[in-house]
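Heads up: the structure comes next, in structure tokens.
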Amino acid sequence: MTPANDFDEAFLRRLERLSIAVRRNRAGQAVGHRRSPARGSSVEFADFRSYNVGDDLRRVDWNAYARLERLFLRLYHDDQNATLHLLLDVSASMDWGEGDAHKLRWARRLVGALGYVALSELDRVAVATVAGSVVQRSTVFSGVRAARRLFAFLNAQETATGVTDLDAALASYGNRAPGPAILVSDLLCEGFGQTGMRALRAGGHEVAVVHTLAPDELDPGEDLRGDLRLVDRESGKHREVTLDEALLARYRAGVAAWREEIGRACLDRAIAYVPVSTAEPLEAFVLGALRRERVVA
Amino acid sequence: MGLLTPLALGLAALAVPIVVLYLLKIKRRDRVVPSTLLWDRLARDVEANAPWQRFRPNWLLFLQLLALAALVAALARPFLSVEAALGASTVVVVDVSASMGAVEGDGTRLDAAKGEIRDLIARMPDGGRMLLVAAGAQGRVAQPMTGDRDALRDSLDALNAEAGQAAIADALALAAAAAARLPDGEIVLVSDGDIPASTIADLAAPTRVVAVGGADPLNLGITTMAVRRGVAGAQLFVRVANAGTAEREARITLWSEPEPTPDDPDAADVLVAAQDLTVPAHGDVALTFAELPPDASVLRADLAAGGRDDLTVDDTAWARTRSGDGARVLLVTAGNLFLERGLGLLPDLAVSVAEPGAVASGYDIYVFDGVAPTPGLAAPMLLLNPPVGNGVVEVSGAVETPAITGTAGADPLLGGVDLSQTNLAAAAKLVTPSWATAAVVAGPDPLLLSGTRDGARVAVLAFDLHQSDLPLQTAFPVLLANLTGFLLPETGGATPATVSPGAVVPLRPRAGADTVEVTPPGSDPLRIPAQTELLFADTARPGSYLVRDLAAETPLRAGGFTVNLLDAAESDLHPAPDAAVAGAAARAGTALRSGDARRFLWWPAIALGVAVLALEWWAFYRGRLPGVGRMATMVAFPGRRSRAGRNPSRLPFR
């Protein structure tokens with residue numbers, strides 16, 4: 001199995017120059033590279049405000065008092081870190097695809113790459129695997145040195161059993177420290193998890209969805225023809241079809257419409273939506289589509 | 001519409017397994033997919049997990065059942081009883097005999113026959129050809145082989161019923177000769193007559209007979225009319241036949257027709273006699289009219305039936321009281337009452353008597369009784385008791401009381417002559433010359449010789465009539481008639497007194513004539529340059545024909561003949577018994593009457609079945625990539641159709 005840290009040195013160097021794009025800064029818990037909405041003690045001036053009783057007299061701008069005879073406090077930005085939430089779908093439907101296009105392996109490497117980006121920016125990284133619910137939560141990684149543990153955690157993840165229920169899984173994850181949350185999933189569940197995404201948004205997360213589909217899901221191969229009984233990998237349910245070119249054309253059109261539908265739903269809720277075929281090389285995807293969609297910067 | 005193998009309809013039960021296959025769900029291969037979610041979007045209708053599915057009528061099932069029905073129908077060999085189709089080459093022989101002119105309904109039998117033939121022309125296949133043969137007195141080609149329907153119809157319309165018998169056998173032989181040269185040649189005979197079975201059986205080409213004619217004809221007809229000349233004068237003999245099933249009343253009227261002359265071409269007929277008669281069913285009545293006018297030349301009998309009479313051509317007949325002025329006979333004798341009376345009783349002979357040594361010329365027959373003929377005379381002559389050194393036959397002596405020991409039975413001279421009771425006192429002893437044969441012999445000696453010497457016929461009777469009892473016997477006038485007939489066949493009976501319409505009449509003009517003038521009834525005279533032997537064939541119209549031999553416009557002789565139907569078979573209008581015709585056709589190995597051919601429909605049924613199968617195949621594979629394996633699947637398991645495959649358009653993408 002391809003490990004999650006199967007990256008060459010050049011790619012890692014390029015990852016280190018990236019950062020997770022955050023539209024709204026939030027208060028963190030530790031010093032980091034991200035400007036906090038709270039005022040702090042950094043060297044960068046932010047604003048003035050009137051003095052109130054009990055304020056630290058050391059922050060009074062005496063020069064202003066000399067000119068205006070009023071007490072103002074000098075406020076400085078407070079640089080803090082952010083927590084990146086990485087949600088990896090490990091449902092049975094993700095166990096699909098050949099070689100590098102295997103959806104779960106591809107998704108795991110993406111999560112590893114995104115985690116490395118965050119850790120190299122001194123952000124904290126929390127990883128959770130989801131399927132029918134939250135399967136496993138990692139500890140919160142922080143610091144570049146934690147990357148090794150992050151990869152080890154990812155490499156240990158296996159396919160879960162049961163039916164995917166992203167709504168329930170995302171809803172139960174929502175009460176964490178707000179921050180950017182990236183869901184890597186094939187969204188193969190009823191309602192494609194939009195209720196769960198809304199719950200994440202309500203919990204203050206900036207949500208991005210990387211929608212991974214294997215190439216033969218987008219365009220079934222030549223061997224998928226004839227009178228077939230299609231068996232669902234997760235539920236075991238089956239569907240009888242007789243596949244011919246006409247029906248496959250309808251299937252392809254249906255998949256495209258489905259992705260458009262998800263895209264519209266995400267746009268309405270300010271959720272970044274990045275569909276991808278796992279046939280695409282990971283490096284090109286991270287440096288290309290993810291930057292275009294401003295998931296990373 | 002019928003079925004040759006109706007048991008094959010049992011195969012229609014195959015429709016049950018076809019429908020069952022539609023009810024059975026098909027076995028599908030299992031394929032694991034990440035999720036059926038996306039496929040659910042294609043086909044929302046979830047099937048129950050049961051071996052049967054709800055029956056849903058669809059076009060493919062309908063087409064398959066239709067194809068099955070067509071193929072089963074083909075196996076049952078359906079056929080239509082239709083009029084037999086025509087082959088590529090057809091020779092149609094149409095009977096134009098007198099009986100075809102019989103009126104039935106609105107038209108004649110010939111009209112009905114034309115209708116049948118028009119049907120044949122209409123049913124002639126594209127590229128087919130037809131030859132039209134009219135069977136009248138002779139078989140003749142009415143329309144040469146052609147595919148032009150209009151030309152055939154025109155030729156058909158031009159046909160008329162003749163007044164005589166039909167030479168069916170001749171016409172069929174002509175048709176068979178034509179059909180034998182054609183591929184797929186076939187003969188169709190349209191007739192009302194009884195066709196001899198052997199006539200058809202002997203034909204090389206397949207022959208069908210189309211019979212025309214109603215079932216209940218009514219007809220009276222004159223079947224015999226002849227003049228008998230006796231010592232007491234001429235008598236007319238008439239026979240009227242009734243072929244119907246009921247007794248009929250009729251009146252027969254006898255007229256004397258004047259010979260047409262240039263001076264008075266329209267001389268009126270003279271009524272001679274009239275007589276009412278009753279003709280029994282299927283019988284006839286014979287009438288004899290005596291006391292005929294002495295100057296009557298042509299007698300005409302008109303028959304007027306009381307009530308319906310379908311055929312008119314046999315209601316009139318003609319007879320000539322004499323066929324001509326007769327042959328002129330010169331009897332050279334020292335005196336022979338027997339010969340004078342005997343020759344004088346023969347009809348149509350003008351007998352002159354001359355003393356020996358006073359022989360004149362210009363006679364048709366010379367009779368030398370006990371005298372030597374004139375040296376160098378080359379004319380028909382009869383020698384009786386020839387003297388020694390007569391120059392014609394060698395006489396080597398005399399035979400006393402010869403007894404007749406043998407006769408040549410087949411010799412026409414002896415027809416009707418019984419010489420067994422004849423006794424002779426003496427006869428000349430003759431040496432049979434090389435040109436003669438002996439008809440009667442007494443031991444080694446010939447008594448009657450005949451032959452052709454120097455181009456003229458000569459007969460020799462070796463004894464003197466006075467030295468025998470032959471003149472007292474009934475054989476004598478018969479022998480005289482035979483002898484004159486032999487010597488001058490053109491006057492002795494070869495030109496018949498009456499012939500059938502269309503028959504060929506031999507005319508032998510008298511020596512010295514340069515022109516023969518024939519005046520058909522109601523027509524202008526026909527002039528023909530005289531030859532030794534003329535054949536006159538323009539005898540289609542019944543009536544009296546006047547024949548005159550002319551030498552420089554001077555009549556040498558006037559005579560004639562009559563043309564009459566006088567045919568009981570033609571007057572009997574009853575159609576031929578079916579059995580006879582059917583037997584003929586059965587022996588010919590062909591279908592008989594129109595309407596009994598079977599047109600098999602299994603080819604159209606098979607074509608329909610294949611076409612429907614092709615349509616079903618196209619409908620099934622519409623929008624698919626055709627493959628041999630799939631086709632085999634379809635043929636083996638016609639029910640293997642998924643709902644999606646049957647009609648993808650019924651699966652809206654939701």
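Looking at residue B:204 and the list (1) small (Gly, Ala, Ser); (2) at pLDDT 85 or above; (3) over 22 Å from residue B:100 (Cβ atoms), which single condition is not satisfied? For residue B:204, the failing item is (2).
Yes or no, residue by residue, for (1) of a type outside the set (Val, Ile, Thr); (2) within 27 Å of the chain's Cα centre (by Cα); (3) under 23 Å from residue B:546 (Cα atoms):
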{"residue": "B:275", "(1), (2), (3)": "yes, no, no"}
{"residue": "B:278", "(1), (2), (3)": "no, no, no"}
{"residue": "B:284", "(1), (2), (3)": "yes, yes, no"}
{"residue": "B:287", "(1), (2), (3)": "yes, no, no"}
{"residue": "B:294", "(1), (2), (3)": "yes, no, yes"}
{"residue": "B:298", "(1), (2), (3)": "no, no, yes"}
{"residue": "B:305", "(1), (2), (3)": "yes, no, no"}
{"residue": "B:308", "(1), (2), (3)": "yes, yes, no"}
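Anything in the stretch A:97-130 that is modelled with pLDDT under 90 and assigned to a loop (DSSP other than H, G, I, E, B)? List them, or say none. Residues satisfying the conditions are A:97, A:98, A:121, A:122, A:123. Across the stretch B:421-443, the qualifying residues are those that are assigned to a loop (DSSP other than H, G, I, E, B) and touching a strand residue (DSSP E or B) at 6+ places or on another chain (Cβ under 9 Å), and the one among them that is surrounded by the most Cβ atoms within 10 Å (Cβ to Cβ) is B:422. Restricted to the stretch B:520-622, the set of helices (runs of 4 or more DSSP H) holding at least 1 residues that are closer than 30 Å to residue B:68 by Cα and modelled with pLDDT of 85 or more comprises B:602-621. Of the residues A:224, A:188, A:230, which single one is touching a helix residue (DSSP H, G or I) at 6+ places or on another chain (Cβ under 6 Å), assigned to a loop (DSSP other than H, G, I, E, B) and either modelled with pLDDT under 90 or assigned by TED's automatic domain parsing to the domain that holds residue A:264 (or both)? After applying the criteria, what remains is A:188.
Looking for something at the interface with another protein chain (Cβ under 9 Å from one of its Cβ atoms) and free of Cβ contacts under 8 Å to residues at least 60 places away in the same chain - is there at least one such residue anywhere in the stretch A:170-187? Scanning the stretch A:170-187 turns up no residue that is at the interface with another protein chain (Cβ under 9 Å from one of its Cβ atoms) and free of Cβ contacts under 8 Å to residues at least 60 places away in the same chain. Only residues that are exposed (fewer than 11 other Cβ atoms within 10 Å of the Cβ), closer than 17 Å to residue B:519 by Cα and of a type in the set (Asp, Glu) were counted in the stretch B:248-297, giving 3. Out of A:257, A:265, A:246, report the one residue that is part of a helix (DSSP H, G or I), assigned by TED's automatic domain parsing to the domain that holds residue A:195 and in contact with a Gly (Cβ under 8 Å, 6 or more places away or on another chain). Of A:257, A:265, A:246, the one residue that is part of a helix (DSSP H, G or I), assigned by TED's automatic domain parsing to the domain that holds residue A:195 and in contact with a Gly (Cβ under 8 Å, 6 or more places away or on another chain) is A:246.
Can you work out which of the residues in the stretch A:191-219 that are part of a loop (DSSP other than H, G, I, E, B) and more than 16 Å from residue A:110 (Cβ to Cβ) is farthest from the other protein chains (Cβ to nearest Cβ)? Looking at residues that are part of a loop (DSSP other than H, G, I, E, B) and more than 16 Å from residue A:110 (Cβ to Cβ), I get A:204.
Residues in the stretch B:142-161 that are over 24 Å from residue B:313 (Cβ atoms) and either crowded, with 19+ Cβ neighbours inside 10 Å or touching a Leu at 6+ places or on another chain (Cβ under 9 Å) (or both): B:143, B:144, B:145, B:146, B:152. Counting only residues that are part of a helix (DSSP H, G or I) and under 14 Å from the mean Cα position of the chain (by Cα), which one in the stretch A:167-184 is surrounded by the fewest Cβ atoms within 10 Å (Cβ to Cβ)? Residue satisfying both the conditions and the ranking: A:173. Listed by first and then second residue, the pairs linking a residue in the stretch B:107-123 that is more than 13 Å from residue B:192 (Cβ to Cβ) and among the hydrophobic types (A, V, I, L, M, F, W, C) to a residue that is assigned to a helix (DSSP H, G or I) and at pLDDT below 90, with Cβ atoms under 7 Å apart and 6 or more places separating them unless they lie on different chains, are B:121/B:149.
Within the stretch B:348-370, which residues are among the hydrophobic types (A, V, I, L, M, F, W, C) and crowded, with 20+ Cβ neighbours inside 10 Å? Result: B:349, B:351, B:365, B:367, B:368.
The values are calculated or read from the model by the stated rules, or taken from the named source; none is laboratory data. What you are looking at is a predicted structure, and each value in this text was computed from that prediction instead of being measured. Backbone-built Cβ (ideal geometry, glycine too); neighbour counts: all protein chains shown.
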